[in-house]
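Okay, structure first, notes after.
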Amino acid sequence: MAAAAGQAGGGPAPLEEPAGSAESVVTSRTPVPAASPGSPQQPAEPGLWERIGEGSPKEYLEKFVFPTLLPGMESLLHQAEKEKCFERKRTKFIACDYLTQWLYNQNPKRAAEPFTEFFSIPFVEQWLKDHPRPPIPLSLLLSEEQAALIIQSFWRGYLVRCHPEIQELRHWQKQLREEKHIRQRIQMFWARQEKKLHCRMEDS
């Protein structure tokens, strides 16, 4: 009767629903598999996430991250003060490298092993082989005492070269080299020496 009423009114006839509903058809065609003991949903051994449970992110940070990371950050600040990072704009100290070295050596699994430097850590060595770093500028490697000696020696040499008598001597030496062709004489001298040495080796 519903189909007849639809045809009489000029509209399309409503579709008849199957015996079973859509939900029943889907559930009947796609059964839910039972979780096996080795599936990812139920790992055999309890790991980090099982120990964390359903706690909030705040509890995770307070229990697992901060107790390990905060002592490393404190040591990092002390080392940065020694390297005078808060006094200079540029230093050779790299905070990420120091923190990586500290966390690697403070690992409880490595309690009985000796201290390992940053560039001797296995994964760091492998990474640097594929991604080499540019060399550190010499200005960052020198200490304050070494840099002061270089600057003072250069300044003293400049003052000596500015003296009138030294200027006159340098000018005279320049003229002497130009007049007597000292470079050519030196080359001829060493050529004769090499020839003599070659003759002695052949005689021997």
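Once the C-beta distance of residue 92 and residue 149 is scaled by a Förster radius of 25 Å, the resulting FRET efficiency is 0.85 to the nearest 0.05. Here the 3J(HN,Hα) profile of region 114-119, calculated from phi with Karplus coefficients 6.51, -1.76 and 1.60 at θ = phi - 60°, is x, 5, 10, 6, 4, 6 Hz, Gly and Pro shown as x. Taking region 98-204 on its own, what percent of its Cα-Cα pair distances exceed 21 Å? Percentage above 21 Å: 73.
Restricting to DSSP loop positions (anything but H, G, I, E, B) with no more than 10 other Cβ atoms inside 10 Å of their own Cβ, which chymotrypsin sites (Phe, Trp or Tyr not before Pro) remain in region 111-204?
Details: sites: 115, 118, 119, 123, 127, 154, 155, 158, 172, 189, 190; in loops: 115.
Listed in order of number, the matching sites are 115.
Shown in residue order for region 130-137 are the 3J(HN,Hα) couplings computed by the Karplus curve 6.51 cos²θ - 1.76 cosθ + 1.60 at θ = phi - 60°: 8, 10, x, 8, x, x, 6, x Hz (x for Gly and Pro). The length gained on full extension between residue 69 and residue 115, counted as 0.36 nm times the residue separation minus their Cα-Cα distance, comes to 14.7 nm.
Any read-out appearing in this document is the output of simple, stated calculations on the displayed coordinates, not a laboratory observation. Bear in mind the structure is a predicted one, so any value in this text is a computation, not a measurement. Note that each Cβ is placed from the backbone with ideal geometry, even for glycine, and that neighbours are counted across all protein chains shown.
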